[in-house]
Structure formats: structure tokens, C-alpha cells
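Read through the structure below, which is laid out as C-alpha cells, and then see the notes.
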Amino acid sequence: MMKSIYLVLDMQNDLVHPDGASGKGPLGEQVRSRELIARTAAAIAKARSKGIAVAFVRVAFSDDHREANPASQVFGAIARNGILKKDAWGGAVHDELAPLANEWNIVKHRVSPFYGTSLEVLLRREGIERIYCSGVSTQAVVQATVRDAHDRDFEVLVLEDCCASPSAQEHENSMASIARFCTSIDSAVAFD
């Protein structure tokens, strides 16, 4: 049997909580309308019950945002707005999805969870061959994870109903653009 892991991507307060910086805007509206928190919590519980490892990926920075590229359209704005601080509420995983003490907490400073992190080393050490993933936003971290994992010879399955973008159209476009590199599944049938 293929050894698997479920990567929960960027489900952080600043991005998905109604009081978070992005949670107050269009992304937050999509998170709520798609019931992402409840669906992701159920997927995490199901993975754990099936003995599948769960790992959490966060995009987070030092308090002074020293790791953020100020010239980046994405990371420059994060630094200017003072969000996604590694040790602050906004950079933490949403409480309803709280990692267990023994689960990986991968902190990244760019879009891909593979860039400049220990993720690939840990996956190889554990003999992981299949990656399940979901999170926000579909057009950023989900796409980057799928493409980078594919090119590292992992099988990738995206829990489509546990992903969101600032608009339904962006989400649909993103899923279509990665269809060749992954399998899109519903969280109800994941981990079976």
C-alpha cells in the first residue's frame, strides 16, 4: 500500500478566520460559503482515523518580515500590512484545525511548501509516495504544491471541496489548470 500524507495548506487565521486580514474579504467569503473550516476539520479527523499522517504548512514570517521580498506583489503587501507573523494569532493555524503536538508544522516564506523548507527531506525520510492536499488559496499554494510535488514524483490528490480562492471563478480556473498534474477528489471519498 502506498504511504500517504495529508498536507493542510495555509489554513491560517489571517487568511481564513472571519476576523483575519484576508478572512474579512473575498477569500473569507469563499471560505465561509464553501464551508472550508468544517470540511477541512472533517478531512483531518478522517485522515487521522485511517492512520494517515497530517502535516500543516504555514506561510509565515518573523515580526519584521525579514524573509519577505518587498518587491513581490504578494509578499511585499504582506510585509506592508504586517500580517502572517509566525508567532502571532494571524499566522497560526485556525483553532478548529489545530495540529497535534506530533504533527509537522512546515513554515514557508514563499508560495511553494517545497521552496526553502524541510518538507521534501521529511517526506522522503518517511517513505511518503502519495500527497493529499487542500487549502487556500487554490491559485497560489495549492497549485504550487501540486506542480512541485508532481515534479518530485509524488502522486497528488487535491481535496477540491476543501480549497478556495478569492472568487469561485479563480478556484475553478486553478483546478482546471492543474488537472494534468493531480487527481481532484471530494473530501468525502478521501483516504478510503
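The values are calculated or read from the model by the stated rules, or taken from the named source; none is laboratory data. Source: prediction; values computed, not measured. In this analysis, Cβ positions are derived from the backbone assuming ideal geometry, glycine residues included, and neighbour counts consider all displayed protein chains. The protein model used for the area step is the full one, side chains on, heavy atoms only, and it has no ligands, DNA or RNA in it. Shrake-Rupley method; radii C 1.70, N 1.55, O 1.52, S 1.80 Å.
For a quick check: with amide H placed at 1.01 Å from N, whose amide H comes under 5 Å from GLN12's, ignoring anything fewer than 5 positions away on the same chain?
HIS94
In what sequence, largest accessible area first, do GLU35, GLU120 appear using a 1.4 Å probe? The partial results should precede the final answer.
Numbers: GLU35 105, GLU120 55 Å².
Output order, biggest surface exposure first: GLU35, GLU120.
With charges set only on the Cβ (+1 for Lys and Arg, -1 for Asp and Glu), what does the dipole of the chain come to about its Cα centre, in debye to the nearest 20? Spell out each step's value before the answer.
Values: 21 positive and 25 negative charges, 57 e Å.
With only Lys, Arg, Asp and Glu charged at Cβ, the dipole is about 280 debye.
Given contacts defined as C-alpha pairs under 8 Å and at least six residues apart, what's the relative contact order of segment 32-96, whole-number percent?
That works out to 27 percent.
For segment 47-156, would you read off the P(r) tail past 16 Å as a percentage of all alpha carbon pairs?
For segment 47-156, the share of Cα pairs beyond 16 Å comes to 62 percent.
Rounded to a whole number, what % of the accessible area of segment 108-192 do carbon and sulfur atoms account for, probe 1.4 Å?
Numbers: 1790 of 3680 Å².
Carbon with sulfur: 49 percent of the solvent-accessible area.
At 1.4 Å probe size, with every protein chain present, just tell me what the per residue accessible area of segment 20-115 comes to in Å².
On a per-residue basis, 51 Å².
Gap in Å between the Cα centre of segment 70-135 and the Cα centre of segment 29-67?
Cα centroid of segment 29-67 versus Cα centroid of segment 70-135: 10 Å apart.
If the only charges are +1 at each Lys and Arg Cβ and -1 at each Asp and Glu Cβ, what is the size of the charge dipole of segment 70-116 around the Cα centre, to the nearest 20 debye?
It comes to approximately 340 debye.
Helix-only mean residue ellipticity at 222 nm, the chain, DSSP H runs n ≥ 4 weighted -39,500 (n - 2.57), per residue, nearest 500. What is it?
The per-residue figure over the chain is -8500 deg cm²/dmol.
Pull up the DSSP beta bridges for the chain and report the antiparallel fraction as a percent, rounded to 5.
5
So what's the Cα pair-distance distribution over segment 33-83, bin width 5 Å, in %?
4, 17, 17, 11, 10, 14, 16, 9, 1
Which order do the peptides 65-74, 137-146, 175-184, 37-46 take when ranked by the mean count of other beta-carbon atoms within 10 Å per residue, highest first?
Working: 65-74: 13.2, 137-146: 24.3, 175-184: 15.3, 37-46: 18.5.
Averaged packing, sorted descending, gives the order 137-146, 37-46, 175-184, 65-74.
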